[in-house]
Amino acid sequence: MESRTSDITSDDVQCLACGHDNMAGADVCEECGQSIIVDDAVLAEGESTALMQPLLCLSPRLPETIERGASLGEAIARLKGRNVGCVLVTGLGGELAGIFTERDVLYKVAGLIENLDNVPVESLMTSQPTALRPADPISRALHLMAIHGFRHVPLVDDDGCPVGIVSLRDIIHFMEENFARPEAG
């Protein structure tokens, strides 16, 4: 993806779904194809504004982390022991280097690898996973999950170090609380 940072003007429109800066007057995001036309009627209902709340509103859990040199056995033990769907793999400086998920166990490990202690987690992790900042809008995480099939999105600080994890379940719970219609009665 090429950067347009030097070309961005104050008239540019940021996509609510992915955050890409689009040229003023565009109807569709150049990056993700979503409509960037803001419908005031939808905003008046409050649903779009609720999804523009920062990810911090979801009270993200602290992530389970493991160093990239750890074994698959350690990573799987952490998944099971902490009852989580993923562990974030960190580099020497604590920065996010990868993500290892329960799907990875199912598709890359189960029935294929016998000695889990001889294989480093970094050999099967997803390297350089997409991550967001805690101040990013909930809609951005939901968009990433919908487009890429993610179940978890890591949250990182300005140094790229993991500070939280948001799951699809967190967003669904938030939506249930904020968009539930009153029962007719």
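Provide the FRET efficiency to the nearest 0.05 for the ILE147-SER71 pair, computing r from the beta carbons and using R0 = 41 Å.
On the way: r = 32 Å, r/R0 = 0.79.
Result of the calculation: an efficiency of 0.80.
Between ALA135 and SER59, with labels modelled 7 Å along Cα→Cβ, what's the label distance in nm to one decimal, could you check?
Those two pseudo-labels are separated by 2.4 nm.
Read the figures in this text as sums done on the coordinates, not as results from a lab. Everything numeric in this text was worked out from a predicted model, so none of it was measured. Virtual Cβ from ideal backbone geometry, glycine too; neighbours counted across all protein chains shown.
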